[in-house]
Structure formats: C-alpha cells, structure tokens
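The values are calculated or read from the model by the stated rules, or taken from the named source; none is laboratory data. Here the structure is a predicted model, which means the values were calculated and not measured. Heads up, the Cβs are rebuilt from the backbone with ideal geometry, glycines too, and the neighbour counts pull from every protein chain shown.
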C-alpha cells in the first residue's frame, strides 16, 4: 500500500475548496442558485491516513480511478471501522470483466463512467447479487465532449439513446447524471469551456426528449484546475484531488 503521508493539511484543503465552491456558486445563473454542488475528493494514489483525515473533517464522497486501489481502500480495516458513511465513486474506466470486483465492495455509491450499453447491461445484471435488497445502483453516463481519442466516453450524439436504454432496459440502475473530462489546460479567459457547455446541452436534450427533470440529472464536470469555472456553468458534482490532498506522484496502474 502507499506510504503514510503526514505533511499535507487535508482539512485545510477541504475547507479552502468548499470556500471556493461557495464563491463560485454566487456567479451561477439564478436558476442554479438552490443547487449545492457535491464535492468528490479524488484520493487516487493517496494513502489511507489522508482519507481518514478528510473523513474526520466532514468529507464523505471519495473518488477512485483504479479497481485494485479502490479494493484496497474500501476494504481497509481502518476505513471500515472509522468511515461508516463513506461513499465511494468509481471515476475511472471500468472494464466489464472487473464489474463484480467493484460492485461487491462496501459503500460503493456511484459509477460515474458508464460509456456503453454493454457496460450498463453488465452492471444492471450483476447489481442484485451485491447491492442491498430493493436498491438501485447509481450511475452516470460518461460523455467524450472533447472528441479526443485518448479519452473514454460516448459521443454527445449518442447520449440520448444510451440514456433511454438505461431508463427502459436497466431496472436495477438509477441515472444520477452525466460526466465528462474536459480538455486539459483550457483558459476560461477564452470564454466558457466548450466541453462544459456541451455536457449541459446533452442534459437539456435528454430532459426534453425523454421528459426528465433537469434538477434530477447531475453534471459531473470540473477538477482541481477548473472546478470553479465548471460550477459557474452548471456543474453539480466536482472531482477535486490535488487541491485537497496535494499533487500526486506518477500514476499507479493496475
């Protein structure tokens, strides 16, 4: 497991991020004033002691990118004992052959990266084996708003059809919203981020075409470098790592 880290003030990081979220909310359109964005603390490559510190500071939603790392943390004895109400978000690419490894974990809350009918079907079919009785698994549909080949997610043009499939064919799933990873390094001084605008448009279209209430469809967009801008454009779920836990070492692959 990753080495223990003690030189990061996680509670201060969370407090600072929440303050920045509050300030960003003041710049949103009037119709979004009542919507409080959800903060997901991205703890990938970070040790358990920092997660415990964040939890003790009031943070409940945590995001992990890699199945093996999520397994280690979700089943860690200290986390199981001290973090009873932790809510894990899986925010990385999920292969169908690893679905069971994720669904069996305690306190799994939301899969943010559903990007195909096949993955949706697999999650739908396997959730009853692991989830509490009469519950649905929360999922988000990942959209590749930038069109970059190295990013996962479906094209914007396919969002409505996949949403309809989930709603009609996947009775064990609950659609929580849409998710995107925008272009890295975009400068808000150039205008509103087109990736964030695109995701908002996708939500508007599925709500209009499928008769959904937009207030029930979260938008997961914005990370440490751009979450304030994302909130101003309508994000209701921000994934923040380095602003809370400090900068990460090189990625640890499974």
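Counting only residues that are assigned to a loop (DSSP other than H, G, I, E, B) and surrounded by fewer than 20 Cβ atoms within 10 Å (Cβ to Cβ), how many does the range 67-91 have? Before the answer, list the steps.
Pass one, the range 67-91, residues assigned to a loop (DSSP other than H, G, I, E, B): 75-76, 83-86, 91.
Cutting the leftovers down to surrounded by fewer than 20 Cβ atoms within 10 Å (Cβ to Cβ) gives us 75-76, 84-85.
The qualifying residues number 4.
Any residue at all in the range 14-21 that is in contact with a helix residue (DSSP H, G or I) (Cβ under 9 Å, 6 or more places away or on another chain), surrounded by fewer than 18 Cβ atoms within 10 Å (Cβ to Cβ) and modelled with pLDDT of 95 or more? Write out each step before concluding.
Step one: filter the range 14-21 for residues in contact with a helix residue (DSSP H, G or I) (Cβ under 9 Å, 6 or more places away or on another chain), giving 14, 16-17, 20-21.
Now drop any that are not surrounded by fewer than 18 Cβ atoms within 10 Å (Cβ to Cβ), which leaves 16, 20.
Those still in the list that are modelled with pLDDT of 95 or more too: 16, 20.
Yes: the range 14-21 contains one or more residues that are in contact with a helix residue (DSSP H, G or I) (Cβ under 9 Å, 6 or more places away or on another chain), surrounded by fewer than 18 Cβ atoms within 10 Å (Cβ to Cβ) and modelled with pLDDT of 95 or more.
Could you tell me whether any residue of the range 190-199 is part of a loop (DSSP other than H, G, I, E, B) and within 29 Å of residue 60 (Cβ to Cβ)?
The first filter runs over the range 190-199 and keeps only residues part of a loop (DSSP other than H, G, I, E, B), leaving 191-193.
Now narrow it down to the ones that are within 29 Å of residue 60 (Cβ to Cβ): 193.
Yes, because at least one residue in the range 190-199 is part of a loop (DSSP other than H, G, I, E, B) and within 29 Å of residue 60 (Cβ to Cβ).
State all residues of the range 155-184 that are surrounded by fewer than 20 Cβ atoms within 10 Å (Cβ to Cβ) and outside any loop (DSSP other than H, G, I, E, B); if no residue qualifies, say none.
Restricting attention to the range 155-184, the residues satisfying the condition of being surrounded by fewer than 20 Cβ atoms within 10 Å (Cβ to Cβ) are 155-158, 160-161, 164-165, 167-169, 171-172, 174, 183-184.
Within the range 155-184, 156, 157, 158, 160, 161, 164, 165, 167, 168, 169, 174 qualify.
Do we have any residue at all in the range 106-116 that's closer than 29 Å to residue 53 by Cα, exposed (fewer than 14 other Cβ atoms within 10 Å of the Cβ) and under 20 Å from the mean Cα position of the chain (by Cα)? Steps first, answer last, please.
Here is the first cut: in the range 106-116, the ones closer than 29 Å to residue 53 by Cα are 106-113.
This time we only want the ones that are exposed (fewer than 14 other Cβ atoms within 10 Å of the Cβ), so: 106.
Imposing the further condition that a residue be under 20 Å from the mean Cα position of the chain (by Cα) reduces the set to 106.
Yes: the range 106-116 contains one or more residues that are closer than 29 Å to residue 53 by Cα, exposed (fewer than 14 other Cβ atoms within 10 Å of the Cβ) and under 20 Å from the mean Cα position of the chain (by Cα).
Considering the range 208-235 alone, what residues qualify as being assigned to a helix (DSSP H, G or I), in contact with a helix residue (DSSP H, G or I) (Cβ under 7 Å, 6 or more places away or on another chain) and over 16 Å from residue 142 (Cβ atoms)?
209, 210, 214, 228, 229, 231, 232
Every residue, every condition in (1) without any contact (Cβ under 8 Å) to a residue 40 or more places away in the chain; (2) buried (at least 17 other Cβ atoms within 10 Å of the Cβ); (3) in contact with a helix residue (DSSP H, G or I) (Cβ under 8 Å, 6 or more places away or on another chain); (4) closer than 23 Å to residue 38 by Cβ, yes or no:
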| position | (1), (2), (3), (4) |
| --- | --- |
| 128 | no, no, no, no |
| 131 | no, no, yes, yes |
| 186 | no, yes, yes, yes |
| 203 | yes, yes, yes, yes |
| 206 | no, yes, yes, yes |
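Looking at (1) assigned to a helix (DSSP H, G or I); (2) within 29 Å of residue 98 (Cα to Cα), can you tell me which one residue 238 breaks?
Among (1) assigned to a helix (DSSP H, G or I); (2) within 29 Å of residue 98 (Cα to Cα), the lone unmet condition for residue 238 is (1).
If you check every pair at least six apart or on different chains, which have Cβ atoms under 6 Å apart with a residue in the range 35-57 that is free of Cβ contacts under 8 Å to residues at least 60 places away in the same chain first and a residue that is buried (at least 20 other Cβ atoms within 10 Å of the Cβ) second?
From the range 35-57, the pairs are 51/43; 53/10; 55/83; 57/14.
Taking the range 158-173 as the region of interest, how many residues are more than 15 Å from residue 202 (Cβ to Cβ) and out of contact with any helix residue (DSSP H, G or I) (no Cβ under 8 Å at 6 or more places or on another chain)?
The total comes to 1.
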